Amino acid sequence: MLKIAMPYKGGKVNEHFGSSSEFVIIESISGNITGKEILTNEVMHNHGGLARILKAEGVNVVITGGIGLPMAEALQNEGFILIKGASGDVERVAGEYLKGTLISSVSIGCMCGGKHRHSHGQGR
């Protein structure tokens, strides 16, 4: 079984990983989606803590929109496959990943285009 986690907001990939209050965990067997669970994030901006929670849930892959460098490093240090730059409906995004058509962005950071003020922890 493969488990894919994504920051979740209103059925879509939340573009701000670190401030996401919910994550969806999608389960897949043989390339087919077999289940979906919503996980409440109680460790906002706690990079290592969130990575360990996802690991304890059995997650293998993390797909996100924007993500700060410290969180990306924490996930990679725990051995997750990390896909960045995703957007839209979580089930569609998971399906694209399972088909091999979802392409990861090379950039790290928020995908919001600077529309508001927030920190992703760079320089701390």
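For the range 68-84, the criterion of being without any contact (Cβ under 8 Å) to a residue 40 or more places away in the chain, out of contact with any helix residue (DSSP H, G or I) (no Cβ under 6 Å at 6 or more places or on another chain) and assigned to a strand (DSSP E or B) is satisfied by at least one residue. Just to verify a result, which residue in the range 93-108, among those that are within 23 Å of I33 (Cα to Cα) and surrounded by 13 or more Cβ atoms within 10 Å (Cβ to Cβ), is modelled with the lowest pLDDT? For the range 93-108, the residue satisfying everything is S104. If the condition is being acidic (D, E), closer than 22 Å to G10 by Cβ and modelled with pLDDT under 95, then the range 53-92 contributes no residue at all.
No other residue among M6, M111, M44 is of a type in the set (A, V, I, L, M, F, W, C), assigned to a strand (DSSP E or B) and either at pLDDT below 90 or in contact with a helix residue (DSSP H, G or I) (Cβ under 7 Å, 6 or more places away or on another chain) (or both) apart from M6.
Every condition in (1) farther than 17 Å from S104 by Cβ; (2) surrounded by fewer than 15 Cβ atoms within 10 Å (Cβ to Cβ) is met by Y8 except one, and the failing one is (2). Restricting E37, E15, E27 to those that are out of contact with any Phe, Trp or Tyr (no Cβ under 6 Å at 6 or more places or on another chain), crowded, with 18+ Cβ neighbours inside 10 Å and closer than 23 Å to K99 by Cα reduces the list to E15.
Could you tell me whether S21 is closer than 22 Å to T101 by Cβ, without any contact (Cβ under 8 Å) to a residue 40 or more places away in the chain and among the small types (G, A, S)? Judged against the criteria, S21 is not a match. Screening the range 1-56 for residues that are acidic (D, E) and under 13 Å from the mean Cα position of the chain (by Cα) and picking the one that is nearest to K84 (Cα to Cα) gives E15.
The values are calculated or read from the model by the stated rules, or taken from the named source; none is laboratory data. Quantities reported herein were computed from a predicted structural model and do not represent experimental measurements. Every residue, glycine among them, receives a Cβ derived from its backbone with ideal geometry; neighbour counts consider all protein chains shown.
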